[in-house]
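Notes follow the structure.
The values are calculated or read from the model by the stated rules, or taken from the named source; none is laboratory data. None of these values were measured; they are calculated from a predicted model. With ideal geometry, Cβ positions are generated from the backbone for all residues, glycine too; neighbour counts draw on all protein chains shown. Only protein heavy atoms, including side chains, enter the accessible area calculation; ligands, DNA and RNA are left aside. Shrake-Rupley method; radii C 1.70, N 1.55, O 1.52, S 1.80 Å.
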Amino acid sequence: MKLTDILKKEELSISYEVFPPKVDTAFESVKTAVEKIAELSPAFMSVTYGAGGGTDRYTADIARDIQNRFGVPMLAHLSCVSSTRNAVADMIERLKQYGIENVLALRGDLTPEHKNTDGSNWDYHHASELVRELKASDGDFCIGGACYPEIHPESADSKEDIRHLKEKVDAGCDFLTTQMFFDNNLLYSFLYKIREAGITVPVLPGIMPITNARQVERAIKLSGSFMPQRFKSIVDRFGNDDAAMLQAGIAYATDQIIDLFANGITHVHIYSMNNPSVAAGILNNLSDIIGK
Ligand code: FAD
């Protein structure tokens with residue numbers, strides 16, 4: 001099922017992101033965690049894609065297995081900057097063969113090696129090139145792109161970022177998924193700006209439940225996200241107590257999601273980090289709200 005059809009539904013819904021194993025030996029434990037998340041019957045699930053390397057194939061394999069065994073529609077991520085046109089074409093063909101209808105087209109992060117070259121030998125420079133390729137393929141994909149309520153770290157300012165985002169959407173995005181954010185006002189302001197700029201596709205807010213103190217530093221490094229004082233106080237108070245931080249992190253994410261629903265958002269994507277108890281904890285908190 002295409003995400004655009006899922007998003008047309010008016011009832012409130014959530015979905016989960018999972019990631020494939022980084023090493024082959026972790027495959028079984030990741031598989032078990034991902035299956036437990038699929039058993040929660042989300043509206044859909046997404047599977048991230050590594051930046052090159054031998055475990056990339058797991059993205060498509062996991063997406064196919066979950067879709068076939070659990071009937072959960074899947075969104076496969078695909079990044080391009082560390083890849084070649086041939087490798088990307090092979091992956092697009094594989095996704096088509098596997099019946100994966102939804103693809104999140106990403107550039108991928110630049111590695112230190114990328115930053116030491118002028119880019120003239122890269123096959124891809126921006127996600128919009130991958131969007132165009134997916135659009136031109138015979139896969140009939142529903143195509144998504146990433147967006148950044150707090151602007152992408154490489155962009156000079158919000159105007160430049162939104163101008164490039166508009167180019168990416170015009171290249172063929174059917175929807176956008178946001179980077180994590182911890183203050184919903186940042187999302188509301190971003191939505192206002194992109195609608196003003198003529199970007200009309202559905203935007204899926206991405207919520208990252210921070211359930212242990214170690215995640216905080218990683219999340220900030222990865223996303224550059226602003227941490228509101230209310231959130232910092234929670235980490236300061238409960239960060240050394242794993243059980244308390246788990247409960248507080250689930251509560252904070254739930255609070256963000258309820259506020260989004262209350263303000264007209266109908267679908268939220270949760271970065272569940274392969275953690276079924278976090279995914280289930282949030283779902284439990286929302287049981288009467290989303291009617292599951
Ligand atoms: P782009 O859309 O290409 O944008 C990157 C930068 O280039 C921005 O600053 C943009 O403004 C600028 N830009 C775009 N077009 C132009 C142009 N024509 N000229 C000049 N500048 C331009 N990474 C992974 O490796 N695997 C994943 O599975 C993954 N999943 C993600 C999911 C989400 C929801 C998000 C938000 C990010 C994800 N990432 C993933 C990380 C992502 O790859 C990085 O954030 C990366 O740095 C940018 O990717 P992009 O697709 O947004 O790139």
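Those residues that are over 17 Å from Ile257 (Cα atoms) and more than 13 Å from the ligand (Cβ to nearest atom), I need them from region 177-196; list them, please.
Tyr192, Lys193, Arg195, Glu196
For region 1-38, how many residues are surrounded by 13 or more Cβ atoms within 10 Å (Cβ to Cβ), in a loop (DSSP other than H, G, I, E, B) and touching a residue at least 40 places away in the same chain (Cβ under 8 Å)?
Total satisfying the criteria: 5.
Exactly one of (1) open to solvent by 30 Å² or more (accessible area, probe 1.4 Å); (2) away from the ligand (no atom under 15 Å from the Cβ) is unmet by Ala43. Its number?
Looking at each condition in turn, Ala43 falls short on (1).
Can you pull out every residue in region 215-237 that is in contact with a helix residue (DSSP H, G or I) (Cβ under 9 Å, 6 or more places away or on another chain), surrounded by 13 or more Cβ atoms within 10 Å (Cβ to Cβ) and not in a loop (DSSP other than H, G, I, E, B)?
Result: Gln215, Val216, Phe231, Lys232, Ile234, Val235.
Can you list residue pairs whose Cβ atoms sit under 7 Å apart, with the first residue in region 144-164 being closer than 16 Å to Arg195 by Cβ and the second being hydroxyl-bearing (Ser, Thr, Tyr) and within 6 Å of the ligand (Cβ to nearest atom)? Count only pairs 6 or more apart in sequence or on different chains.
Correct list of pairs: Asp161/Ser155.
Out of (1) part of a helix (DSSP H, G or I); (2) open to solvent by 20 Å² or more (accessible area, probe 1.4 Å), the odd one out for Asn240 is which?
For Asn240, the failing item is (1).
Can you name the helices (runs of 4 or more DSSP H) wholly within region 66-176 that have at least 3 residues being surrounded by 13 or more Cβ atoms within 10 Å (Cβ to Cβ) and within 15 Å of the ligand (Cβ to nearest atom)?
So the answer is 85-97, 127-136, 158-172.
Which of the residues spanning region 46-57 are more than 12 Å from the ligand (Cβ to nearest atom) and either in contact with a His (Cβ under 7 Å, 6 or more places away or on another chain) or under 16 Å from Gln97 (Cβ atoms) (or both)?
The answer is Arg57, and nothing else.
Pick from region 193-214 the residues that are of a type outside the set (A, V, I, L, M) and in contact (Cβ under 8 Å) with a residue 40 or more places away in the chain: which of them is most open to solvent (accessible area, probe 1.4 Å)?
Pro202
Going residue by residue through region 22-32, is there one that turns out to be away from the ligand (no atom under 16 Å from the Cβ) and in contact with a strand residue (DSSP E or B) (Cβ under 8 Å, 6 or more places away or on another chain)?
So far as region 22-32 goes, no, none of its residues is away from the ligand (no atom under 16 Å from the Cβ) and in contact with a strand residue (DSSP E or B) (Cβ under 8 Å, 6 or more places away or on another chain).
What's the number of the only condition in (1) open to solvent by 60 Å² or more (accessible area, probe 1.4 Å); (2) of a type outside the set (A, V, I, L, M, F, W, C); (3) closer than 27 Å to Val278 by Cβ that Thr48 fails to meet?
It fails just one condition, (1).
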